[in-house]
1. I need the phi-derived Karplus couplings for the range 157-165: 6.51 cos²θ - 1.76 cosθ + 1.60, θ = phi - 60°, integer Hz, Gly and Pro marked x.
2. Lys and Arg at +1, Asp and Glu at -1: add these up for the other residues within a Cβ distance under 12 Å of Val131 and post the number.
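Nothing in this text is a laboratory measurement; each read-out follows from the coordinates by a stated rule. On a predicted model such as this, the values are computed, not experimentally measured, just so you know. Every residue, glycine as well, gets a Cβ built from its backbone with ideal geometry; the counts of neighbours run over all protein chains shown.
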Amino acid sequence: ATISPMSGVASAQIVRMQPNATEGNLYVAWRQSAPRTPSQVVFRKVHVTTSPMGALHVLGTWESALSELDMAVCGSHTYVVFEDRPAGPNGLDIMIAASRNDAGTFAPVVNVSATTDNSLNPRVAGSGASVFVAWIEQTSVSNRYEIRVRASMDGGATFGSSQVLSSDAPWLTP
């Protein structure tokens with residue numbers, strides 16, 4: 001497959017690539033932006049020996065610049081996590097886009113942090129339909145940092161409650 005440049009995009013940064021050597025697929029997630037347009041988180045699956053490429057999935061669009069994202073591919077499940085700044089006074093949130101059909105389609109994006117504090121540096125790991133999202137939470141109480149995690153056992157459709165793994169850690173920096 002030939003990967004062609006994106007038309008009209010001023011900057012794009014490939015953030016995560018994950019190969020699947022058994023099936024010859026390459027999974028790529030990136031951020032892109034153009035002058036006077038919102039930033040986007042984009043995903044595409046590429047089969048390295050055949051054409052055409054998989055569909056281009058825009059997972060989210062934001063007015064502000066995005067920073068961190070991560071990805072995990074587990075069998076037919078694909079997970080992309082990223083920071084989002086929702087409208088209003090809240091800080092950054094951690095979002096997940098999940099596909100349960102080998103990146104053919106993605107379910108609606110889910111806010112896994114859902115706090116009024118800043119949620120930073122998302123990481124994702126998975127095994128089939130089990131997915132785990134971890135991040136740093138900058139609490140508004142005394143400006144401390146916590147390590148939090150949420151788990152889903154149904155491919156990212158629903159998540160258990162947020163668990164604090166480490167709290168009151170002034171040494172931790174995002």
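1. 6, 9, 10, x, 6, 5, 10, 8, 8
2. Net local charge, Val131 excluded: +1.
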